Amino acid sequence: MQSTHGGNIIATAMRLGCATSDLIDMSSNLTPLGIAPGVKQAIRDNLDRIAYLPESASESLLDTFAAKYGISPNQALAGNGTTEFIFALPDLFQGKRALIINPTYSDYRLACTRAGLRVDNHNLSMENGFCLDLDRLQENLQGKELVFCCNPNNPTGGLTSSRELYGFIKAHPATSFFIDESYLPFTREKSLIEFDLLPNLYLLSSFSKIYGVPGLRLGFLISASHDFRQLSKVRKPWGVNTLAQVAGEFLLKNGDSYMEEVRDFVARERLHFVQSLETVPGVSVMPGKANFILSCLQGPVSVEKLQDRLLEKKIMIRNCESFESLDNHFFRISLKDQEANRYCLEAMHEILDFGD
C-alpha cells in the first residue's frame, strides 16, 4: 500500500507543460486565502539563522504553543509535519489492534500496517452522509485498541461535536484515541486541547492547512499519556528546521486574526458553493463542515473523465477512489477564492450538463 494524496501540483504542471501558477489546485485541502500574512517576512528576517543548528527539541516553539493553549510544554511535541506523528505513534501499540473510521486519510492505515498492528475498519454510511455515530462506534470497541478519528473527517467533511467526542473518549479509558484536528481550525468547533487532557487521548494539530504553509512541514502532537513521554525520549533531535520554528512562533503569536478571516470566508463560500454544486446534473453532495466538499457522480460521466476535462481547464480535483470504502464515483473539491470557485462551477456545468 502506498501513500496517496492530493495536491501534486508540481508533478501535474510538469506533465501538462505549464507553470504551477497556471493551475487551480482544488485537490489539496489548504486555506483558500493563501499563505498567512507576515510569515514570509518573518522567515526573511531570520534567514541568517540557517547558519546554526535549530533548537534540538523546538523548546522555544513548544513553550509558546503550551502558553497559548494552557498546557505544559511536556504535553506537546513539535514535528516535521503531522505525518511524523501519524507514523510514529503506532509503534507504541505494536501487536495491538487499530480501528480506523472510514472513509478517511489513507496514511493512518499505512502507518498501522508498517508498525504491525492488526487493522479493523469502522465504515461510515453514505445513507447518513458519512456522519459518525458514536453509539455504533462503541459496539466496535474491545479495549486496548488505538482508534483513528479525523475531525472534521477527510474526505467527508463530517464534524463531530468536540464535547460529545470528549465525553466518549473519557467514557472508554481502556481504548486509546488518535484524534486528528488538522481541519478543525476551519470551523468554529472548539479543540479538544481546550478540555482537560485525558490519558488515553493523542491529539494532532497541523499548521500546514489553516496557514497555507505545507512546505514548511510543521505539526504538533499533544497528550498527557505515559506512552507519550516514552515517545518524546526516542525521537531524533532537530526534527523541526529553523525556518519552520520561526514561522510557528510567529503564527502562534500573530495568526488568530487570519484564522478568523479564513473561518468567515469558508462559512460563507462553502454555503454558496454547495448550493451551486447541487444544481450540477448527476452530482450528489455530502453534508460537511470543512473547507472541502465530498461529492458523488451518479450520471454517465466518470470521475476520471471529469478530472481530465477539468485539467483541460487547468483545474485540479481529487479522485477519491483511493480512500477506503469509496470508489471512482467520488471526488473532493477544496474551496479556493471566489473567482476560482465560480470558474470551477461553470466548468462543471459545461462538462456535466450534457453528459459529454
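Report, in deg cm²/dmol and to the nearest 500, the calculated mean residue ellipticity at 222 nm for the chain, where each DSSP H run with n ≥ 4 adds -39500 (n - 2.57) and the sum is divided by the residue count.
-10500 deg cm²/dmol
With the crude spin-label approximation of a point 7 Å out along Cα→Cβ, what separation in nm comes out for GLN94 versus GLN298?
Between GLN94 and GLN298, the simple spin-label model gives 4.9 nm.
Could you tell me what percent of the accessible area of segment 1-73 is made up of carbon and sulfur, with a 1.4 Å probe and every protein chain present?
The nonpolar share, carbon plus sulfur, comes to 54 percent.
Heavy-atom accessible area of ARG217 with all protein chains present, probe 1.4 Å, nearest 10 Å²?
Probe radius 1.4 Å; accessible area of ARG217 about 80 Å².
³J(HN,Hα) across segment 85-90 via Karplus (A = 6.51, B = -1.76, C = 1.60, θ = phi - 60°), whole Hz, x for Gly/Pro?
So the J values, rounded to whole Hz, are 7, 4, 8, 7, 5, x.
How large is Rg over Rh for segment 204-356, taking Rg from the Cα atoms and Rh as the Kirkwood inverse mean of 1/r across Cα pairs?
1.07
Pairs of alpha-carbon atoms within less than 8 angstrom and 6+ residues apart define the contacts here; what relative contact order does the chain have, in percent?
Once divided by the residue count of the chain, the mean separation gives 23 percent.
How big is the Kirkwood radius of segment 93-193, worked out from every pair of different alpha carbons and given in Å to one decimal?
13.9 Å is the Kirkwood radius here.
When the Karplus curve 6.51 cos²θ - 1.76 cosθ + 1.60 is applied with θ = phi - 60°, which whole-Hz ³J(HN,Hα) does each residue of segment 289-297 get, with x for Gly and Pro?
The phi angles translate into 10, 8, 7, 9, 10, 8, 9, 10, 7 Hz.
Set the Förster distance to 22 Å, then compute FRET efficiency between GLU312 and GLN275 from the Cβ-Cβ distance, nearest 0.05.
0.30
From the Cα gyration tensor of segment 39-164, with a ≥ b ≥ c the square roots of its eigenvalues, which class applies: rounded if a/c is under 1.5, or else prolate if a/b is larger than b/c, or else oblate?
Prolate shape, in that a/c is at least 1.5 and a/b is the bigger ratio.
Ranked highest first by the average count of other Cβ atoms within 10 Å around their residues, in what order do 30-42, 288-300 fall?
By packing density, highest mean first, the sequence is 288-300, 30-42.
For the ranges 303-311, 97-105, 253-261, 184-192, what's the packing order if you count other beta-carbon atoms within 10 Å of each residue, average per peptide, and put the highest first?
With the highest mean Cβ count within 10 Å placed first, the list reads 97-105, 184-192, 303-311, 253-261.
Considering only protein heavy atoms and a probe of 1.4 Å, how much of the accessible area of segment 259-356 is carbon and sulfur, as a whole percent?
Carbon and sulfur together cover 46 percent of it.
Looking only at segment 87-112, which residues have a backbone nitrogen under 11 Å from a spot 7 Å from the Cα of LYS236 in the C-beta direction?
none
Please find the FRET efficiency linking ARG188 to LYS253, where r is the Cβ-Cβ separation and R0 is fixed at 22 Å, and quote it to the nearest 0.05.
0.55
Please state the Cα pair-distance histogram of segment 53-116 with 10 angstrom bins from zero: what percent is in each bin?
P(r) over segment 53-116, rounded to whole percents: 19, 37, 30, 14, 0.
Calculate the FRET efficiency for THR20 and GLU350 from the Cβ-Cβ distance with a Förster distance of 25 Å, rounded to the nearest 0.05.
Efficiency, rounded to the nearest 0.05: 0.55.
Using modelled backbone amide H atoms (1.01 Å from N, in-plane), which distant-in-sequence or interchain residues come within less than 5 Å of ASN123's amide H?
For ASN123, the qualifying residues are ASN102.
For all pairs of alpha-carbon atoms in segment 281-356, what percent lies in each bin of width 5 Å, listed from the first bin to the last filled one?
Per 5 Å bin, starting at zero, the Cα-Cα P(r) for segment 281-356 comes out as 3, 15, 28, 30, 17, 6, 1 percent.
Residue-wise, which Karplus ³J(HN,Hα) couplings in Hz belong to segment 40-47, taking 6.51 cos²θ - 1.76 cosθ + 1.60, θ = phi - 60°, and x for glycine or proline?
4, 5, 4, 5, 4, 5, 10, 4
Please name whichever of ALA67, GLY95, ALA36 sits farthest to the positive end of the charge dipole of segment 8-123, dipole taken about the Cα centre and charges placed at Cβ: Lys and Arg +1, Asp and Glu -1.
Result: GLY95, furthest along the dipole toward the positive end.
Leaving out ligands and nucleic acids, note down the accessible area per residue over the chain with a 1.4 angstrom probe, in whole Å².
Accessible area per residue, the chain: 44 Å².
Report the one residue of PRO54, LEU277, PRO287 whose Cα lies farthest in the direction of the positive end of the charge dipole of the chain (charges on C-beta: Lys and Arg +1, Asp and Glu -1; origin at the Cα centre).
Positive-end residue among those listed: PRO54.
Would you mind calculating the relative contact order of segment 114-241 from Cα pairs under 8 angstrom and at least 6 residues apart, reporting the percent as a whole number?
Averaging sequence separation for qualifying contacts and normalising by length gives 18 percent for segment 114-241.
Report the equivalent ellipsoid semi-axes for segment 40-87 in whole Å, largest first, defined as the square roots of five times the eigenvalues of the gyration tensor built from alpha carbon atoms.
Each semi-axis is the square root of five times an eigenvalue, giving 22, 15, 11 Å.
Suppose a student asked you for the relative contact order of segment 53-127, using Cα pairs under 8 Å spaced at least 6 residues apart; what percent would you report?
Relative contact order comes out at 25 percent.
The values are calculated or read from the model by the stated rules, or taken from the named source; none is laboratory data. Remember, it's a predicted structure, so these values are computed and weren't measured experimentally. Backbone-built Cβ (ideal geometry, glycine too); neighbour counts: all protein chains shown. When the accessible area is computed, the model is the full protein with side chains, heavy atoms only, and any ligands, DNA or RNA have been set aside. Shrake-Rupley method; radii C 1.70, N 1.55, O 1.52, S 1.80 Å.
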